[in-house]
Structure formats: structure tokens, C-alpha cells
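**Student:** Next up is a structure, given as C-alpha cells.
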Ligand SMILES: NC(=O)c1ccc[n+]([C@@H]2O[C@H](COP(=O)([O-])OP(=O)(O)OC[C@H]3O[C@@H](n4cnc5c(N)ncnc54)[C@H](O)[C@@H]3O)[C@@H](O)[C@H]2O)c1
């Protein structure tokens with residue numbers, strides 16, 4: 001007991017070193033050309049402002065309060081947040097190989113790699129504001145938290161768990177080696193306050209963080225993370241709507257969308273990999289240049305006629321091609337309607353989950369004007385966004401009437417259009433009944449992938465060595481049985497070509513859609529490779545946009561039709577089960593890709609250190625992580641999930657059993673209901 005007290009005191013003094021440090025870092029210089037987040041809007045009352053300042057000053061030694069209080073006040077009033085810029089380390093935070101980080105356990109060092117990767121200039125959307133992607137998705141709220149988190153990760157041992165609440169490191173707590181090393185929650189608001197306005201206040205107060213999905217869960221791996229999902233979606237959309245055979249691709253077909261940002265930047269690359277001609281509208285030239293430099297988009301034009309001409313020429317030659325149209329998507333679509341340009345596949349990936357926070361640029365404004373108006377006149381900005389969404393809707397409606405297949409790609413676009421006043425976009429005018437156009441999960445991702453358990457498994461080679469990535473690609477390829485299902489063949493082709501497609505931005509990472517069987521097989525193989533010293537340590541994880549981790553009626557669970565799409569039990573159970581089984585990092589967030597109050601999403605990170613302990617955790621946790629979602633989808637009577645769950649019961653009956661529903665006969669139910677009408 002006495003030893004514990006002494007330890008705690010010593011430890012406290014150590015942790016307090018940061019806060020007691022009187023050597024105030026220099027105010028940083030901001031590197032020219034690095035994108036900055038727009039002003040998020042300061043709306044606090046004087047009373048709330050005092051709380052916000054006191055909250056931020058909690059991280060700061062008292063003798064520095066006099067100096068920092070005005071600085072924080074200035075940040076809050078001009079940027080709508082206290083980021084604590086002064087505490088950001090200078091320069092680019094590029095992730096280093098794991099061995100170069102300090103730490104008392106491998107997980108503590110591994111998570112520092114992940115955090116820095118989420119915040120480096122190549123990856124982060126607004127590196128200075130800790131935004132990784134999705135306009136508002138932050139690693140944590142401010143740079144004081146960043147410093148403190150890093151310090152804790154350096155001290156973390158295998159007998160402790162670091163707890164983070166909305167970016168704030170609550171502290172280290174004693175646990176055990178097979179418990180999570182880090183547990184993260186972000187913006188988990190109490191129901192009654194679970195709305196955009198209260199969240200905006202809470203962010204300004206410094207008590208909420210918008211973690212998006214893998215930003216606040218530290219598992220973002222750059223736009224590659226979504227390329228595979230977009231590739232799967234496009235290919236399957238082609239199969240479903242354009243009659244592309246299972247072994248064919250999208251050569252000769254046109255895909256149009258918008259956004260070349262954090263995740264949306266994947267669209268041009270995925271279009272090319274799937275063989276299509278893709279035109280992607282983007283209002284911000286700097287994002288186009290980033291993707292062009294990476295080789296993820298071939299052509300840039302400001303001319304709509306030219307954009308369609310380049311695409312049509314490539315289609316005629318049956319060559320893949322990607323074009324960035326520098327301009328507003330609404331302009332491009334209105335042009336297509338006017339000129340009768342036929343678009344086969346159409347989507348949108350502007351940040352509509354944060355539509356009034358700068359995520360969607362209204363067609364009436366240039367990108368620079370949008371940034372200015374957000375700061376100067378947010379009310380007017382809102383009006384313009386609504387007007388633009390009305391025009392956007394009208395253009396899509398015209399194109400759909402001419403034969404276009406439009407699908408919502410998980411950015412809350414249709415909900416934003418509805419909120420802007422276009423009630424006809426909801427079935428019978430009520431969003432609870434869904435929308436008149438499908439979400440990609442309803443038509444494609446849900447039935448073809450999630451219901452079988454296929455989802456965005458990923459890994460990061462923590463050594464930073466490219467050769468490790470190549471070895472893991474090959475090992476993963478060996479684990480796939482191409483004769484099992486069409487999806488396995490698609491996944492095999494993806495990983496076979498991954499190196500050639502030059503997908504890595506940031507750390508040496510890979511995404512590969514896999515089901516429960518595939519994920520476990522690959523995970524165990526990787527841990528064995530680490531054990532045999534064939535490769536350095538590996539971080540396993542996944543996007544939150546997956547089979548089990550996310551309850552989101554407008555996205556991941558859009559194809560759940562038993563009424564439970566408004567429940568978040570699955571995501572919470574998935575999180576709890578992963579904690580109980582000892583994944584290295586477990587996270588649960590509000591919002592994600594669709595916005596506050598519209599989704600609960602969670603994910604994990606698992607460090608393969610080659611140990612038997614990790615093998616044991618993988619065996620139970622990887623299976624749980626996928627099959628808990630398949631079980632729920634099967635209970636919702638989703639056909640492919642039912643098949644998968646039944647098969648799972650047969651092959652794993654010694655240890656597992658999923659409850660299988662009796663599926664009522666439609667004819668019987670219709671007859672009984674009709675008799676009561
Ligand atoms: N379907 C999925 O799997 C999936 C995955 C991740 C993210 N998302 C969602 O997709 C959206 C985009 O994510 P992101 O990370 O790319 O965000 P982002 O903010 O980095 O990128 C969006 C881009 O759209 C551009 N833009 C905004 N309005 C425009 C307009 N009217 N015309 C043309 N360009 C415009 C912006 O300049 C920006 O570059 C988010 O809502 C996100 O939640 C979906």
C-alpha cells in the first residue's frame with residue numbers, strides 16, 4: 001500500500017513535469033501552403049467563455065496563466081476552438097519507425113507511430129488543428145492533450161490502461177497485460193444533448209472531441225483506407241446496374257462524383273483501378289494538387305466541356321482515366337443536365353456530415369469566399385448551403401430521370417438535402433422511412449460484403465520498412481482461397497495489385513477487405529511472422545466503417561430493415577467485447593462519417609508482437625469483432641448474414657452459437673395484417 005502511494009506520488013510528479021514546465025514553447029510558425037481549418041464559429045456566452053478558458057488552463061502551470069489566457073481567448077474568438085497552437089511541436093510530425101519512439105511497452109510506442117501518422121502533413125487535412133480527415137475529425141482537441149497523451153504513452157506499462165475521454169487523457173489506471181492498453185471514447189453525448197448545437201458548444205468549451213472514425217481512434221492510414229471500399233462499391237455498382245460480368249471491369253463507363261479530400265481523394269484512384277473514366281469535382285485547388293502529386297488523379301481542368309471530352313475519349317479507347325474538375329459539383333451536374341451528358345454512375349463525397357461547418361461549399365461561392373463567409377457571416381453561409389443543396393438535388397433528379405444510377409456514398413448527403421428543406425428526398429417525406437435513392441450500403445456494401453462479414457481489415461508495418469509491407473502483402477495473398485466466393489477473388493486481385501497501384505501515403509500500411517475467417521487467418525500469420533523475425537511489429541486494425549463496429553441508419557446499418565437501425569446496441573457491444581477480449585486499443589465515438597447524433601461507431605488497434613498472448617487474444621477477439629455484427633445482421637433477417645451465421649454455427653459449434661431467427665412467410669403476414677385493415 002505504502003509502496004503504491006509512493007509510486008503514485010512519484011508518478012504524479014513525473015506526469016506533472018509537463019504542466020509544471022515553465023519553458024513555454026515558442027509560438028509556432030505556420031508552414032506556407034499547409035491547409036488551415038476554417039473558423040468554426042465562436043458562439044459562447046460570456047459565462048461559457050470563462051469556463052472554456054478555465055478548462056484549457058487546466059493543462060497549464062499556474063504561473064503561465066497570465067500569459068496564456070489572452071492567447072487562448074484570441075484562438076477561441078477567431079477560430080471557434082482553443083487548439084493551444086503554442087504546444088504543437090514545430091514542423092512535420094511524420095511517423096518514425098517504432099524503435100525511434102520512447103516507451104515502456106510496445107503498445108505505448110506503437111500508438112505514438114499511429115498518432116503522428118494521423119497528424120503528418122502528407123495525411124492530415126488540417127495538421128495544425130489536429131484534423132486528420134472528414135473536415136472535423138480530430139485526433140484529440142488540442143496540443144496540450146497531444147503532449148500529455150504522448151507523455152503517458154511513454155510511461156504506459158503492460159499493467160496499465162490509458163483512458164481518453166474526448167481527447168483528454170484521464171490518466172493511467174492499473175489493469176493487466178491482456179486488457180486494452182488504451183481505451184478511447186469521443187463525443188459520447190447524453191441523448192437529450194446529442195445534437196449539433198450542443199456538441200458545438202461542448203467543443204468550444206473543450207469537453208468534446210469529434211473523432212470521426214479512425215481520426216480519434218488513431219487508425220487512419222490515409223486515403224488508401226477507403227480506396228478498396230470505393231473500388232468494391234464501384235465494381236459492384238457496375239455489376240448490379242450496368243451488367244458488368246463478375247470477371248469484367250468498368251472500362252468504357254463513366255463515374256462522376258465530388259471531393260478529393262481526405263477520404264474522398266480515394267475516388268479518382270478507385271475509379272482508375274476499376275477501369276472507369278472518373279470525373280471528380282473539387283473546389284479546393286490545393287487538394288487537387290495533393291492528389292495529382294501522389295499520382296491519384298491524372299488530369300486537371302477547370303473546363304466542364306474538356307472534362308467530359310477527356311472522359312469520353314478514354315471511354316472510347318476503353319482506358320481507365322481520372323479527371324479532377326476544379327469547380328463546384330453543382331455546376332458540373334447542371335452542365336451535364338443542360339448538355340445531355342450521360343452519366344452512368346453518380347455519387348457525392350463532399351463533407352455533408354458537417355455541411356454548415358465548411359464541409360460543403362455552396363455553388364454560389366468560390367472556395368476562398370466560402371472560407372471568408374464562414375468566418376464573417378455564418379448565418380448567410382447557411383442560407384447559401386441550403387440553396388445550393390436544392391440545386392444539387394434538382395440536377396441529380398434530372399440525371400436519374402435520364403438513366404443515371406445515383407447512390408449516397410456515406411457522407412450524409414441525402415440527410416443534408418432533407419435538412420435543407422427538400423422533404424421529397426425522404427420516402428413519404430419522413431427520413432425514418434429512408435430516402436428515395438439508395439445508400440451504397442443498402443444496394444451494395446451491405447448485402448454483398450458486410451452481411452458476409454467482409455470489411456476493411458488493415459495493418460501498419462510499424463518498422464516503417466517497405467520490404468515488410470511487401471512480405472505481408474504476399475502472406476495475405478497466400479491466406480485467401482480464391483475459389484470460395486467472388487468476393488475472395490476480388491480481394492485477392494486487390495492485394496495482388498496493391499503494390500503496383502502505389503497506394504501508400506504516410507506509414508507503410510495496407511487495407512484488405514476480409515471476412516471473419518480471412519481476418520483471423522491473416523492476423524495469426526502476421527503474428528507468426530513477427531515471432532519468426534521475418535518482419536517487425538505490426539499494428540492490426542480496421543476502419544470503423546465495418547460489419548459490426550458502427551450503428552448508423554444512414555450508412556453502415558442502412559440495410560437493417562427490422563426497425564433496429566435506430567439502435568446502437570451492436571456498436572456498443574462490439575466495443576465492450578473487444579475491450580473484454582484484450583484488443584490493444586479500443587475506441588467508441590459519436591458521429592463518425594455522418595455527423596453528431598446520427599451514428600455510434602467503434603474500432604480497435606491490435607499490436608502483433610509475436611507473442612502467444614497475442615495469438616490467444618486474436619483468436620477470440622478477431623472472431624468476435626466480425627461475427628457479432630454478422631449475428632445481428634442475421635437476426636435482422638438479412639439473407640447473406642443468415643447463411644453466414646448458420647454456416648458459422650455448424651463449423652464452430654463447440655464454442656459458439658448464434659441465435660438464428662425463424663423467418664415468417666410474407667404472404668402469411670400480409671394476409672393477417674390485411675384482414676385487420
Ligand atoms: N463511404 C465511406 O466509406 C466514407 C468513408 C469516409 C468518409 N466518408 C464521408 O465522406 C465525406 C468526405 O470525407 P473526406 O475525408 O474526403 O472529407 P474532406 O472534407 O477531406 O473532403 C471533402 C472535399 O469535398 C470538397 N467539396 C466540398 N464541397 C464541394 C462542392 N460543392 N463541390 C466540389 N467539391 C466540394 C472539399 O473541398 C473537400 O476537399 C465525409 O462526409 C465523410 O464522413 C465516407
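**Student:** What is the order of 484, 291, fewest Cβ neighbours within 10 Å to most? Can you show the working numbers first?
**Tutor:** Details: 484 12, 291 26.
Final ranking by Cβ density, sparse to dense: 484, 291.
**Student:** Also: Sorting check: for 184-190, 623-629, 358-364, which peptide has the highest mean count of neighbouring beta carbons within 10 Å, and how do the rest follow? Provide the component values of the computation, followed by the final result.
**Tutor:** Working: 184-190: 20.6, 623-629: 25.4, 358-364: 23.6.
Per-residue mean Cβ counts within 10 Å order the peptides as 623-629, 358-364, 184-190.
**Student:** In whole Å, what three semi-axes, largest first, describe the equivalent ellipsoid of the range 453-666 built from its Cα gyration tensor (square root of 5 times each eigenvalue)?
**Tutor:** Values: eigenvalues 165, 72, 60 Å².
Taking √(5λ) for each eigenvalue gives 29, 19, 17 Å, largest first.
**Student:** Also, I was wondering about something else. What relative contact order, as a whole-number percentage, does the chain give when Cα pairs under 8 Å and 6 or more residues apart are counted? Display every interim value, and only then the final one.
**Tutor:** Values: 1383 pairs, mean separation 87.6, N = 677.
Taking the mean separation of contacting Cα pairs over the length of the chain, I get 13 percent.
**Student:** For the range 346-427, what size does the Cα cloud have along each of its three principal axes, sorted from largest down, in whole Å?
**Tutor:** 40, 22, 20
**Student:** Something else: Would you list 296, 494, 437 from fewest to most Cβ contacts within 10 Å?
**Tutor:** Values: 296 26, 494 23, 437 19.
By the 10 Å Cβ count, ascending: 437, 494, 296.
**Student:** Under the rule of -39500 (n - 2.57) per DSSP H run of 4 or more residues, summed and divided by the residues of the chain, what mean residue ellipticity at 222 nm is obtained, to the nearest 500 deg cm²/dmol? Let's see the in-between values first.
**Tutor:** On the way: 21 runs with 286 residues, N = 677.
Taken over the chain, the calculation gives -13500 deg cm²/dmol.
**Student:** Based only on Cα atoms, what mean projected area does the convex hull of the range 425-483 have, in nm²?
**Tutor:** Values: hull surface 27.2 nm².
Taking a quarter of the hull surface, the average projection is 6.8 nm².
**Student:** Quick check: residue separation of residue 65 and residue 665 times 0.36 nm, minus the Cα distance between them. What number comes out in nm? The partial results should precede the final answer.
**Tutor:** On the way: separation 600, 0.36 × 600 = 216.00 nm, distance 6.91 nm.
Result: 209.1 nm gained on full extension.
**Student:** Just need the Rg to Rh number for the range 486-569, please, alpha carbons only, Kirkwood Rh.
**Tutor:** Values: Rg = 16.2 Å, Rh = 15.4 Å.
Radius of gyration over Kirkwood radius for the range 486-569 works out to 1.05.
**Student:** What are the semi-axes of the equivalent ellipsoid for the range 224-438, taken as the square roots of 5 times the Cα gyration tensor eigenvalues, largest first, in whole Å? List each step's numbers first, then the result.
**Tutor:** Working: eigenvalues 137, 84, 47 Å².
Value: 26, 21, 15 Å, ordered largest first.
**Student:** Antiparallel as a % of all DSSP beta bridges within the chain, to the nearest 5? Can you show the working numbers first?
**Tutor:** Details: 33 of 61 bridges.
If I count the DSSP bridges inside the chain, around 55 percent turn out antiparallel.
**Student:** Which order do the peptides 637-648, 666-677, 202-213, 116-127 come out in when sorted by mean C-beta neighbours inside 10 angstrom, highest first?
**Tutor:** 202-213, 116-127, 637-648, 666-677
**Student:** What's the ranking of 255-261, 55-61, 160-166 by average number of surrounding C-beta atoms within 10 Å, highest first? Please report the intermediate quantities before stating the final value.
**Tutor:** On the way: 255-261: 28.3, 55-61: 18.3, 160-166: 21.3.
Final packing ranking: 255-261, 160-166, 55-61.
**Student:** I would also like to ask the following. Which value in nm describes the separation of the simple spin-label points at residue 188 and residue 651, placed 7 Å from the Cα toward the beta carbon?
**Tutor:** If labels sit at residue 188 and residue 651, their model points lie 3.4 nm apart.
**Student:** How long are the semi-axes of the equivalent ellipsoid of the chain, taking √(5λ) for every eigenvalue λ of the Cα gyration tensor, in whole Å from largest down? Before the final figure, lay out each step's value.
**Tutor:** Numbers: eigenvalues 271, 202, 127 Å².
Each semi-axis is √(5λ); the values are 37, 32, 25 Å.
**Student:** Would you mind calculating the relative contact order of the range 224-438 from Cα pairs under 8 angstrom and at least 6 residues apart, reporting the percent as a whole number? Spell out each step's value before the answer.
**Tutor:** Numbers: 389 pairs, mean separation 37.8, N = 215.
18 percent.
**Student:** So, in Å, what gap is there between the alpha-carbon centers of the range 114-173 and the range 246-274?
**Tutor:** Each part reduced to its Cα centre gives a spacing of 32 Å.
**Student:** Any number yet on Rg/Rh for the range 239-298, C-alpha, Kirkwood?
**Tutor:** Values: Rg = 12.4 Å, Rh = 12.0 Å.
Expressed as Rg/Rh, it is 1.03.
**Student:** Taking the number of other C-beta atoms within 10 Å as the exposure measure, put 157, 423 in order starting with the fewest.
**Tutor:** 423, 157
**Student:** Provide Rg over Rh for the range 372-509; use the alpha carbon set for both Rg and the Kirkwood Rh (inverse mean inverse pair distance). It would help to have the intermediate numbers written out before the result.
**Tutor:** Details: Rg = 21.2 Å, Rh = 18.9 Å.
Taking Rg over the Kirkwood Rh, I get 1.13.
**Student:** Relative contact order of the range 453-666: what whole-number percent is it, with Cα pairs under 8 angstrom and at least 6 residues apart? Before the final figure, lay out each step's value.
**Tutor:** On the way: 372 pairs, mean separation 45.9, N = 214.
Worked out over the range 453-666, it gives 21 percent.
**Student:** How would you classify the range 12-160 from its alpha-carbon gyration tensor, with a ≥ b ≥ c the square roots of the eigenvalues: rounded for a/c under 1.5, else prolate if a/b is greater than b/c, otherwise oblate?
**Tutor:** Oblate is the answer for the range 12-160, as a/c is 1.5 or above yet b/c matches or exceeds a/b.
**Student:** Going by a ≥ b ≥ c, the root eigenvalues of the Cα gyration tensor, does the range 574-677 fall in the rounded group (a/c under 1.5), the prolate group (a/b larger than b/c) or the oblate group?
**Tutor:** On the way: a/c = 4.19, a/b = 1.64, b/c = 2.56.
Oblate.
Taken together, the values in this text are just the output of simple stated rules run on the coordinates, not laboratory data. Here the structure is a predicted model, which means the values were calculated and not measured. Note that we place each Cβ from the backbone using ideal geometry, even for glycine, and neighbour counts take in every protein chain shown.
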